[in-house]
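K.L.:
Handing you this structure, nothing more for now.
Derivation of every value follows stated rules applied to the coordinates shown; laboratory data play no part. Values in this document were obtained by computation on a predicted structure and should not be read as measured data. Neighbour counts run over all protein chains shown; Cβ positions are idealised from the backbone, glycine included.
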Amino acid sequence: MRYLLRRLAFYLVAAWVAVTANFFIPRAVPGNAVQAIMSKFPGQLTPAAEQAIEAMLGVGKEGSLWHQYTTYLSNLVRFNFGVSVSQFPTPVSTVLGAALPYTLTLVGVATIIAFFLGTGLGVLAGWRAGGWLDRSLPSLMFVQAIPYFFLALLVVEVFAVTLGWFPAAGGFDGQNYSPGWNGGFISSVLDHAILPALTIVVTSVAGWMLQMRNVMVTTVGEDYVIAAQAKGLSDRRIIVTYAARNALLPQLQGFGLALGFVVSGALVMEIVFSYPGIGLLLVNAVQGTDYPLMQAIFLVITFAVLIANLIIDLILVLFDPRVRAREAN
Amino acid sequence: MKALASLWGRLPGTARAGVVLLGLFVLAAIIGPQVIPYDPNAVTPLTLKPPSAAHLLGTTQTGQDVLSQLLVGIRLTLELGLYVGVLATALSVLVGVTAAFLGGVWDDFLSLLCNVFLVIPALPLLIVMLGYFPQKGQLPSILVLSILGWAWGARVVRAQALTIRNRDFVAASRETGERGWRIILFEIIPNIVSLIAASFVNTVLYAIGASVALAFIGVADVSSWSLGTILYWSQSANSLQLGAWWWFVPPGLAVALIGTGLVLLNTGIDELSNPRLRDARSSTKIAGSRIWPTDPTPVLGMPKLTTRGRLATLVHSFSRSSLLDAPGGEF
């Protein structure tokens, strides 16, 4: 319990840093970039909306910095991110709510598939280091070094434009279906998600594989694995219950840390597929100088990554007796 | 020169491939901008021409020469990677060594800072920060990438510096009354040089990847030619739909190759410093089976003499019992 509480405290600190950075960045930047938004819509903003933007960005002069900060925090707690400028006058939280499910399912499912696939392949490569799978790693590194979005461009060109197997853009077929829990819409969403998901899996699998392979190579050299071999246990049993089981723990820890990178890459990729998720929203917000939306997206992504990390910590406590032992002391 | 040659001899094959690959790009970055055939900004009426003798990599939608843009772009992208690599690595060494050396509350605080920076996803924060900066040249990108790129290196450096701090030779120099900064500079840092090198390579990789992605989505300064901005313009001109592969394939390939070179170099450094990873590759082929130094001595059975199909051999090669194969019924 103490271990978990410590981790929880850490994530709270991280969240606080993100929230505070979000508050100070627009105030630290010189120039009138922020005032520009206000002048973009003279007389169009309701007083309440104007106040929300002011609190979010610190445009208004009234109140001390501390007062602004507390107002900003209390707005955040109530999910009041202000009003989107580019999709005026929709509140930012509504815009976010429409995009979030797409990203969560697409990026979440694809990342989990890539993790398990890459870890499995890494186990095999590390078990027989120098074998054919292991020697194919340099070419996989090349695949991994290709920028996500570039591979996405090629994939769209080949599979969507030339071959026409999959739709080239969008999250669902808006002409024939409307969002809702009906079969047509869901199958349309799945159809649109296959290519982006495939691209995420292909580009990130090599990273997981390489990491797992390196841990696995070290684990295979351990005495307990050799002892297991000397006992004459089957390969399968040695791999699964002796080597991979232990090698998996650092891999899981790495999963939490790498998550930020993976999610970032996936966000950029959404742009290529015009997938109606958070990534596309973020870029549109930047291009439309929609600062309230931009900031809210950053916070949402950060919190998602923090929560995922917390879940991984919980899993680690469950799987790793060493963590539990440390906790008992 | 001799020292360099012997280092080259000890490098694993992967690292050598990485060095050669990167060397080519560095060479292109140094002499490229001097020998470019055209001004990369020059607009000509020859729009969207496929590669020809006059334009080796064809032209863009506004008739600009892709090869010239590419050479200038490689220069700019590598420069950015180098600057961010140096700045961020310097920061991570500073933070990591300070935390390890001071210990106590300082260590706790700096480690916490490090972990916070690690767990907050960098790219959205980069986008938000660059969204506010006025877009003039590469400087904002370099600064922001450095500020967000030091944490991983600092963590690794700190862990290693901690173990060195407790070694006898450091205790000895402390007993002789050496000053703190002298111990750090002359006792600790020389022992983590390989680690710093690896962290530098990693940081450059991150910087190039992130800057290309940022430029591609248009939050960097898109008026200068970097690999990312070439991709940005080619994407916004729908070069893909127009079938102008010569416009977007070369810059993408360049980024991928630079990245591969860096990753190869890094695994090479890893293998150089971790004997287990090195041993793992040094298998020898005896009577058709690969034998690894980490394998238990085969005491039973004999080398496999049976013939297997290709697929069966592949599957079998994963099995450790491939070494202990008793000749089966088909023998």
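K.L.:
Answer with one residue from A:Leu154, A:Ser188, A:Gly254: the one whose Cα lies farthest towards the positive end of the charge dipole of the range A:98-328, charges on Cβ with Lys, Arg +1 and Asp, Glu -1.
P.N.:
Sorting the options by dipole projection puts first A:Gly254.
K.L.:
Report, by chain and number, residues whose modeled amide H sits under 5 Å from the one on A:Val83, excluding near sequence neighbours (fewer than 5 apart, same chain).
P.N.:
Counting only residues 5 or more places away or on other chains, the set is A:Ile53, A:Val92.
K.L.:
Given axes a ≥ b ≥ c from the Cα gyration tensor, I'd like to know whether the range A:128-244 is rounded (a/c under 1.5), prolate (a/b larger than b/c) or oblate.
P.N.:
Details: a/c = 4.18, a/b = 2.21, b/c = 1.89.
Because a/c hits 1.5 or more and a/b exceeds b/c, the range A:128-244 counts as prolate.
K.L.:
Assigning unit charges at the beta carbon (Lys, Arg +1; Asp, Glu -1) and nothing else, what dipole magnitude in debye, to the nearest 20, does the range B:1-139 show about its Cα centre?
P.N.:
Values: 6 positive and 5 negative charges, 84 e Å.
Charge dipole, the range B:1-139, about its Cα centre: 400 debye, nearest 20.
K.L.:
Follow-up question, since we're still on this one. Could you size up the charge dipole of the range A:98-328 around its Cα centre, putting +1 on the beta carbon of Lys and Arg and -1 on that of Asp and Glu, and report it in debye to the nearest 20? Please list the in-between numbers first.
P.N.:
Working: 10 positive and 12 negative charges, 162 e Å.
For the range A:98-328, the charge dipole is close to 780 debye.
K.L.:
Here is a follow-up. Considering all projection directions equally, how large on average is the shadow of the alpha-carbon convex hull of the range B:13-280, in square nanometres?
P.N.:
On the way: hull surface 69.2 nm².
Value for the range B:13-280: 17.3 nm².
K.L.:
Give me A:Ser204, A:Ser274, B:Ser146, B:Ser236 sorted ascending by neighbouring Cβ count inside 10 Å, so fewest comes first. Write down the numbers at each step before the final one.
P.N.:
Numbers: A:Ser204 25, A:Ser274 16, B:Ser146 20, B:Ser236 12.
Ascending number of Cβ neighbours within 10 Å: B:Ser236, A:Ser274, B:Ser146, A:Ser204.
K.L.:
So, one more: Taking the Cα centre of the range B:13-280 as origin and charging only Cβ (+1 Lys, Arg; -1 Asp, Glu), how large is the dipole, in debye to the nearest 20? If you can, show how the numbers build up before the last one.
P.N.:
Working: 13 positive and 13 negative charges, 16 e Å.
About 80 debye.
K.L.:
Along the charge dipole of the range B:91-188, which of B:Ile127, B:Ser146, B:Ala159 sits closest to the positive end, that is, farthest toward it, with unit charges on the beta carbon of Lys, Arg, Asp and Glu (+1, +1, -1, -1)?
P.N.:
The listed residue farthest towards the positive side: B:Ile127.
K.L.:
Roughly how many nanometres apart are two label points built 7 Å out from the Cα toward the Cβ at A:Arg78 and A:Ile186?
P.N.:
Reported label-point gap for A:Arg78 and A:Ile186 is 3.7 nm.
K.L.:
In addition: Would you order A:Phe116, B:Phe200, A:Phe298 from fewest to most other beta-carbon atoms within 10 Å of each residue's own beta-carbon?
P.N.:
Details: A:Phe116 12, B:Phe200 22, A:Phe298 28.
Listing A:Phe116, B:Phe200, A:Phe298 from fewest to most nearby Cβ atoms yields A:Phe116, B:Phe200, A:Phe298.
K.L.:
Also, quick follow-up: When B:Ile36, A:Ile297, B:Ile127 are ordered from fewest to most other Cβ atoms inside 10 Å of their Cβ, what list results? Provide the component values of the computation, followed by the final result.
P.N.:
Working: B:Ile36 17, A:Ile297 29, B:Ile127 26.
Taking fewest neighbouring Cβ atoms as first place, the list is B:Ile36, B:Ile127, A:Ile297.
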